[in-house]
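Please treat every number below as a calculation from the coordinates, not as lab data. Predicted, not measured: the structure shown is a model, and the values here were computed from it. Please note: Cβ atoms are built from the backbone with ideal geometry, for glycine as well, and neighbour counts cover all protein chains shown.
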Amino acid sequence: MQIGIDATALPPDPVGAGNYIIQLIRALVALETEHQLVIFAQPGGRKLIGELPPQRARWITVPNLSPAVRLVWEQTLLPVLVKQSRVDLLHSLHYTSPLALPCPSVVTFHDMTFFLFPELHTHSKRLFFPLAIRQSARRAAALIAVSESTRRDTIRILGVDPERIFTTPLGISQDFHPIAGETIVSPDTIVSPESSFANISRLEEGRRQFHLPEHFILYVGLIEPRKNVPLLIQAYARLTDTEKVPPLVLVGRPGWMYEQVFQLVEQLKLKDRVIFQGYVSPQNLPIVYNLAQFFVYPSTYEGFGFPPLEAMACGTPVITTAVSAMLDNVGEAGLLIPPRDVDALSQAMQMLLESNALRIQLSQAGRQRAAEFTWQRTAMETMKVYQMVGKRTSVSPFAGENS
């Protein structure tokens, strides 16, 4: 088959779904199959994905498009390019696909937040995406959910036939690992038999580059209410009665309604204790995770939730919420709390601050759990979906519009 991959939704600074687009394409190309990928991408997206062997993939580069224009382009011009490129199957990686296609389609759903938490999206997205997602779900030959939690939500909310939607858990890049040896759980336990001068120097260089304190508690993700950042700040404020509590470092771009987070820091007089680091590239995130004493991710809902697993892969102890994908993915390898319980979060943070033994236990359990999530597995499960669609629909070039 000539398998089309719509990567045009890849943003300039990829997180979450953006990382999925990059890593899935790289992993699919690495599989030994007789199929070839046809990748539709904007110039910036093509650069982020990187060079691919021409015998395994060919590029269809499209002009730079704003997010709104891209959605119009997807419905009008992408079907034309798909037909011209003799694509047998099109995989749309970000919720929506063209309504009219000359071939079967597969669509990836990352979460159901447009239905579950519409108030956390802009007005235009609340109008467009629920309708577009329903149409994509109805017309696709198969759907992919990035976690079992997202699959359950999709079946429940959209009434999708369970036999048409498949879970392909995402992967964690091998870049996320303990940099200075197996026993790293916090900056005060860096020294280990496996440590090398080069690795320790890399950590210290990263600390200087990002102006990070010697000890700190870490959060990585969008700075917005849906991620429960206000709850984290409130729980952290309850720990600041003692000088032993390290600063809280928040890594990520401002998201929807981020102003509430900054206002809360001001109100609680935590400006000197809460550090807004801003966006950190995926290449540098492993260093930040390694330097943290532990990681907190109190999100109210995630379709998959990369940051907890990335932290776990680095050997950093994790606190997260017992909901959606975090409950499925992290399980007993982290401390799980109710999503809106500030007391439970504060107590969990206090436990990790006081117990080196617990940090070591969670560090080891987290690494073992995170090792189960590989991009090779994601690619293999995705390829099975392609092959299943091909058999069901007798895929051949220009097989006719999927209905």
- Item | Charge-dipole axis of segment 5-122 as Lys and Arg at +1 and Asp and Glu at -1 on Cβ define it, positive-most pick from ILE39, PHE109, THR96 | ILE39
- Task: Treating cross-link reach as a plain straight distance, find the lysines whose alpha-carbon is under 25 Å from the alpha-carbon of LYS83, omitting any fewer than eight places away in the same chain.
- Result: LYS47, LYS384, LYS391
- Sketch the reach of a paramagnetic label on GLU148 as a point 7 Å from Cα along Cα-to-Cβ, and name the residues of segment 68-110 whose backbone nitrogen lies under 19 Å away. 109-110
- Rounded, prolate or oblate: which fits segment 187-370 when a ≥ b ≥ c are the square roots of the eigenvalues of the alpha-carbon gyration tensor, with rounded for a/c under 1.5 and prolate only if a/b beats b/c? rounded
- Query: Ratio of segment 56-169's C-alpha Rg to 2.2 N^0.38 Å, to two decimals?
  - Reply: 1.09
- Once you charge only the Cβ atoms, +1 for Lys and Arg and -1 for Asp and Glu, what is the size of the charge dipole of segment 10-68 about its Cα centre, to the nearest 20 debye? 120
- What nm value, rounded to one decimal, do you get for the distance between GLN368 and PHE262 when each label is placed 7 Å out toward the C-beta? 4.4
- Task: Rounding to the nearest 20 debye, state how big the charge dipole of segment 187-370 is about its Cα centre with +1 on each Lys and Arg Cβ and -1 on each Asp and Glu Cβ.
- Result: 200
- Note on the structure: So, relative contact order of the chain in percent, Cα under 8 Å, 6 or more apart, is 19
- Task: Work out the FRET efficiency for GLN135 and GLN174 from their Cβ-Cβ distance, taking R0 = 30 Å, and round it to the nearest 0.05.
- Result: 0.20
- Place +1 on the Cβ of every Lys and Arg and -1 on the Cβ of every Asp and Glu in segment 187-370, take the dipole about the Cα centre, and give the residue among MET349, GLN283, SER201 whose Cα lies farthest towards its positive end. GLN283
- Message: Quick check on the chain: helices-only [θ] at 222 nm, where DSSP H runs of length 4 and up contribute -39,500 (n - 2.57) each and the sum goes over total residues. Nearest 500, please.
- Response: -12500 deg cm²/dmol
- SER201 versus SER355: modelled label distance in nm, points set 7 Å from Cα along the beta carbon direction: 3.9
- Under the classification rounded if a/c is under 1.5, otherwise prolate if a/b is larger than b/c and oblate if not, where does segment 32-108 fall, given a ≥ b ≥ c as square roots of the Cα gyration tensor eigenvalues? oblate
- Message: For a quick check, take a GNM of the chain with Cα springs below 10 Å and name the residue from GLU310, GLU302, GLU354 with the largest mean-square fluctuation.
- Response: GLU354
- Computed from these coordinates, which is Cα Rg over 2.2 N^0.38 Å: [x] 1.10; [y] 0.97; [z] 1.02? [z]
- Nearest 10 degrees, 0 to 90: what angle lies between the long axis of helix 123-139 and the longest principal axis of the chain (Cα atoms)? 50
- Message: Can you give me the angle between helix 67-76 and the longest principal axis of the chain, using Cα atoms only, in degrees from 0 to 90, rounded to the nearest 10?
- Response: 20
- Pop the C-beta distance of ASP13 and ARG238 into the FRET formula with R0 = 35 Å and round what comes out to the nearest 0.05. 0.60
- By its C-alpha gyration tensor, with a ≥ b ≥ c as the square roots of the eigenvalues, how is segment 253-348 shaped: rounded for a/c under 1.5, else prolate for a/b larger than b/c, else oblate? oblate
